Amino acid sequence: MQNLFIGENEEIVIKFSVATNKEGSMFCDLNEESLKESLKEIEKDIENYTIGNYEVVFKKPSFKDIKEIYNKVYNSDNPVEIRYNKIVALIKNWDLRGKKEESKEEEVRRLHPLIAECIGIQLDAEIDGVI
């Protein structure tokens, strides 16, 4: 029999890799291997970059979660606002500082825009664009 309900503890785990250099350039991709391949296309010397691997955990959205997000963004045509509200509503914890910790909306607001976009694109793909 098919399970038609979202469990209380069902999660979506998003992993990503970030490369930075001393000049402040930043690149983000799904994993370290694809990030290195992308860097090779752009840069000749990828050894100048420091690469870190990170993880963000979201709760899998239920019908109620989708309804609440939709209520917040119903009149918005701003894709950044929509993405922000999805991330804030569904995020549980992250490992962005070398340890798993609960994330807070204040910290989500301070994310680098490239990192928020990288996380948001993957979250959209995981929830199949439900909202």
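For segment 50-80, give me each residue that is of a type in the set (Val, Ile, Thr), outside any helix (DSSP H, G or I) and surrounded by 12 or more Cβ atoms within 10 Å (Cβ to Cβ). Please lay out each step first, then the result.
We begin by selecting, within segment 50-80, every residue of a type in the set (Val, Ile, Thr); these are 50-51, 56-57, 66, 69, 73, 80.
With outside any helix (DSSP H, G or I) added as a condition, the list becomes 50-51, 56-57.
Within segment 50-80, 51, 56, 57 qualify.
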Quiz item: Of all residues in segment 23-49 being of a type in the set (Ser, Thr, Tyr) and either part of a helix (DSSP H, G or I) or buried (at least 16 other Cβ atoms within 10 Å of the Cβ) (or both), which is farthest from the chain's Cα centre (by Cα)?
Solution: 49
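Only residues that are within 12 Å of the chain's Cα centre (by Cα) and in a helix (DSSP H, G or I): list them for segment 86-98, please. Walk me through it before giving the result.
Within segment 86-98, the subset within 12 Å of the chain's Cα centre (by Cα) is 86-88, 90-96.
The answer is 86, 87, 88, 90.
If a residue has to be surrounded by 15 or more Cβ atoms within 10 Å (Cβ to Cβ) and without any contact (Cβ under 8 Å) to a residue 40 or more places away in the chain to count, how many in segment 81-90 make the cut? Let's see the steps before the verdict.
So the first thing to find is which residues in segment 81-90 are surrounded by 15 or more Cβ atoms within 10 Å (Cβ to Cβ), and the list is 82-90.
Filter once more, keeping what is without any contact (Cβ under 8 Å) to a residue 40 or more places away in the chain: 84-85, 87-89.
Total satisfying the criteria: 5.
Step by step: first the residues of segment 1-22, then only those that are more than 12 Å from residue 51 (Cβ to Cβ), of a type in the set (A, V, I, L, M) and modelled with pLDDT of 95 or more, then the one that is surrounded by the fewest Cβ atoms within 10 Å (Cβ to Cβ). Which residue is that? Quick ask: steps written out before the conclusion?
So the first thing to find is which residues in segment 1-22 are more than 12 Å from residue 51 (Cβ to Cβ), and the list is 1-15, 22.
Subsequent filtering for residues that are of a type in the set (A, V, I, L, M) retains 1, 4, 6, 12-14.
Now drop any that are not modelled with pLDDT of 95 or more, which leaves 12-14.
On the way: 12: 18, 13: 11, 14: 21.
Per the stated criteria, the residue is 13.
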Exercise. Select from segment 99-115 the residues that are charged (D, E, K, R) and not in a loop (DSSP other than H, G, I, E, B) and list them in ascending order.
Key: 101, 102, 105, 106, 107, 109
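The values are calculated or read from the model by the stated rules, or taken from the named source; none is laboratory data. On a predicted model such as this, the values are computed, not experimentally measured, just so you know. Virtual Cβ from ideal backbone geometry, glycine too; neighbours counted across all protein chains shown.
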